[in-house]
Amino acid sequence: MREDSRGQAFTLEGLVSALVLLGALLFAVQSVVVTPGSGGDLDTSTQSDLRQQASDILLTTARAEDNDLSTLVRNWSQAKQTFDGAINRNIGYGPRTPPGGFGAMLNQTFTQRGYLYNVYVVYRPANVSDGTGRVPMVDRGNPSEQAVTASYTVTLYDNQTLTARNVSQNVELWQYDTNATNNVDGFYPVPNAVDGPVYNVVEVRVVVW
Amino acid sequence: MVTERTRNRAQMILLGAIALAVLIVGVSIVVNSLTTTRTAAPSQASPQIDEAREFGFESRKGTRSLVLRLNHRYRNVSAGDLGTQITENVTRYSQLLAESYASSHAEYVSITYHDGDSAYGERLVQAGNDNLTQNENRRDLVPDERLLGWFVLNVDVENTSREQAEIIVENGTHSVEYRLNETSNDKLNVTSVVSDGATVTGRATGICDPSRTRVLLDLVDGTSFSADCQFNGTKAIEGPSTVAIENGDELVGKYDLVYNESVSTPYGLCSTSVDRIEPCTSPVVWVANVSATFDSSELNFSNDYNVSIYGVTS
């Protein structure tokens, strides 16, 4: 009888040990922080780094002496009706590198490290009801769920001219038409958004994934 | 069969299990806190600091460009009308910026121009194409010493003489003299001579190619707008200066000159009754006082600052 009691105590101690261990494991599993990057390609730290790098590239280009962001936004070819040196209006430069230091920095920072990027020029409409418009400068496909975005705002003025090669420097922005089929006035997709010397406020948006 | 020895072993298993459980709980707490620290720290405030910095830079640059354009947009304008024009245009610009920031960053930004706190300068302009003077006598354009912010000369090369005309910018004993004439191959010769008293300290000659028979010169920076010719700018001498022209009848074109304070000149205020080939004066904003507001979830600021439109501080 005494030996039976000892046997039951031994069994109970084993069960208690198992329960304590299982409880600890359950607590540990439940308390692990599930970050957005845990199940995908980019962890949060990498996303933060990429966003900062894209932001730095935009800032550096905006303050550059040559080929600054304003120059790049106005680098529009009348002959090809897309950015000068680009493939077409739908994908812009696509797999090609954009011109100037901007393209070189994007290539060095992202392409050479295996990341993809898109660059869009987002403009204000002539009529607010039309919503914002977007011109792809570089389109390399659909961004993944982990894509990060950085943007920089650039102001265009009525009396500025397009900067592409072989474009007349005597035609100012306000003189262009936003209708691509108008061969008389020339075509530039960004419209004159307000009266006065300001032409439009555009956002250069870089998406990296 | 449970003996005293096996019972001790069972208690050791229980104690070991408790120790292991404590270890697992401890490690999970440490790992958890590390992960939380890494993910939370860099992602929130940092992008908004960058965006605020970007807005601060762009709002100054944009306001300067906008006011500069409005200063030179109209000839016949009073100070009150110019102030109203600038207020309206800065408001429109602010609305565009606000729409752009709201749609892309979910942030509110605004810029407000304060005309009462802004400083006005004066602009001397000859808007029509003509000889700069009607005879060879010296004519003072700016007779009192003033800070020069803008001096653009649009030369009609075809009608300019091959004899030299001189523009003299003087500051006490320092001076820059520009000698301009058409060359034998229909270009414009611009020779600048920088002097300190009787000593010549610098000399540069630029041969400028006309575009549709005209050359646009920036005398402050010392270059043509097409950047094909360089010479000494008025920046070669520091401080307030006077401006005069000699043999102005040899030079044909138009000009636009801005300085920080009005001077007593024979030129009247510009109006519709003043011929475009007659020099006249009009007000310009020399320093614009602006408030910039940035409002986001993590960062808010409002800043009053002065924007020097011509990059010259008094």
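From the convex hull of the Cα coordinates of chain A, what is the mean projected area in square nanometres?
Numbers: hull surface 71.9 nm².
Approximately 18.0 nm², given one-decimal rounding.
Could you tell me the calculated FRET efficiency between B:MET12 and A:VAL29, based on Cβ-Cβ distance and R0 = 35 angstrom, to the nearest 0.05? Could the numbers behind the result be given before it?
Numbers: r = 27 Å, r/R0 = 0.76.
Computed FRET efficiency for B:MET12 and A:VAL29: 0.85.
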Which is the longest stretch in chain B that no exposed loop site breaks, taking sites as trypsin sites (Lys or Arg not before Pro) with a DSSP loop state and at most 13 other Cβ atoms within 10 Å? B:1-137
Between B:ALA227 and A:THR161, Cβ-based FRET efficiency (R0 22 Å, step 0.05) works out to 0.90
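Provide the gained length on full extension for the span B:ARG203 to B:THR91, in nm with one decimal, where the gain is 0.36 nm per separating residue minus the Cα-Cα distance. Intermediate values should be presented prior to the final figure.
On the way: separation 112, 0.36 × 112 = 40.32 nm, distance 4.59 nm.
Extra length from B:ARG203 to B:THR91 when fully extended: 35.7 nm.
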Where a Cα-Cα gap under 20 Å defines reach, which lysines qualify for B:LYS187, not counting those fewer than 8 residues away within the same chain? B:LYS254
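Estimate the FRET efficiency between A:VAL128 and A:LEU15 by the formula 1/(1 + (r/R0)^6), using the beta-carbon distance for r and 60 Å for R0, to the nearest 0.05. Mind showing how you got there, number by number?
Details: r = 71 Å, r/R0 = 1.18.
So the FRET efficiency works out to roughly 0.25.
Which of A:MET137, A:MET105, B:MET12 has the fewest other C-beta atoms within 10 Å, and how do the rest follow up to the most? Before the final figure, lay out the partial values.
On the way: A:MET137 24, A:MET105 19, B:MET12 11.
Arranged by neighbour count, lowest to highest, A:MET137, A:MET105, B:MET12 become B:MET12, A:MET105, A:MET137.
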With everything on Cα atoms, drop me the angle between helix A:44-62 and the longest principal axis of chain A, reported from 0 to 90° to the nearest 10. 20 degrees
Please list, or write none, the lysines whose alpha carbon is within less than 24 Å of the alpha carbon of A:LYS80, excluding same-chain residues fewer than 8 places away. none
Degrees between helix B:4-40 axis and first principal axis of chain B (Cα, 0 to 90, nearest 10): 10 degrees
Gap separating the Cα centres of region B:163-205 and region B:103-142, nearest whole Å: 25 Å
Label-point gap, in nm, between B:LEU23 and B:ARG162 - each point 7 angstrom along Cα→Cβ: 10.2 nm
May I ask you to order A:166-174, B:190-198 by the average number of other C-beta atoms within 10 Å around their residues, highest value first? B:190-198, A:166-174
Long-range amide H partners of B:ASN300, meaning residues 5 or more apart or on another chain whose placed amide H is closer than 5 Å, are none
Could you check the simple spin-label distance between A:ALA64 and A:ASP49, using points 7 Å along Cα→Cβ, in nm with one decimal? 2.4 nm
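Across peptide B:89-102, how many C-beta atoms of other chains are within 10 Å of each residue C-beta, on average? Mind dumping the intermediate values first?
Details: counts 5, 2, 1, 6, 6, 1, 5, 11, 5, 1, 6, 13, 4, 0.
Taking all residues of B:89-102 together, the mean is 5.
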Near the amide H of A:TYR93, under 5 Å away, which other amide H atoms are found, from residues 5 or more places off or on another chain, if H is placed in the peptide plane? A:ILE87, A:VAL138, A:ASP139
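How big, in percent, is the set of alpha carbon pairs in region B:252-314 lying more than 19 Å apart?
Details: 1078 of 1953 pairs.
Looking at region B:252-314, the distances longer than 19 Å represent 55 percent of pairs.
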Working from Cα positions, state the angle (0 to 90°, nearest 10) between the long axis of helix B:79-105 and the longest principal axis of chain B. 30 degrees
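Using 0.36 nm per residue, how much length does the chain from B:GLN134 to B:ALA79 gain when fully extended, once their Cα-Cα distance is taken away?
On the way: separation 55, 0.36 × 55 = 19.80 nm, distance 3.02 nm.
Extra length available between B:GLN134 and B:ALA79 comes to 16.8 nm.
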Per the Kirkwood formula on distinct C-alpha pairs, the Rh of the protein assembly as shown is how many angstrom? 28.0 Å
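Regarding chain B, what's the average projected area of the Cα-atom convex hull, expressed in nm²? List each step's numbers first, then the result.
Numbers: hull surface 115.1 nm².
About 28.8 nm², averaged over all directions.
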Separation in nanometres of the label points that stand 7 Å from Cα toward Cβ, at B:ASN300 and B:ARG212: 5.2 nm
Just to compare against my own numbers: the Cα pair-distance distribution for region B:133-250, 5 Å bins, whole % per bin, please. 2, 12, 23, 25, 21, 12, 4, 1
What fraction of the DSSP beta bridges in region A:43-208 is antiparallel, stated in percent and rounded to the nearest 5? 95 percent
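Where a number appears in this text, it was derived from the coordinates with a stated rule and is not lab data. Computed from a predicted structure; not experimentally measured. Cβ coordinates were reconstructed from backbone atoms using ideal geometry, including for glycine residues, and neighbour counts include every protein chain displayed.
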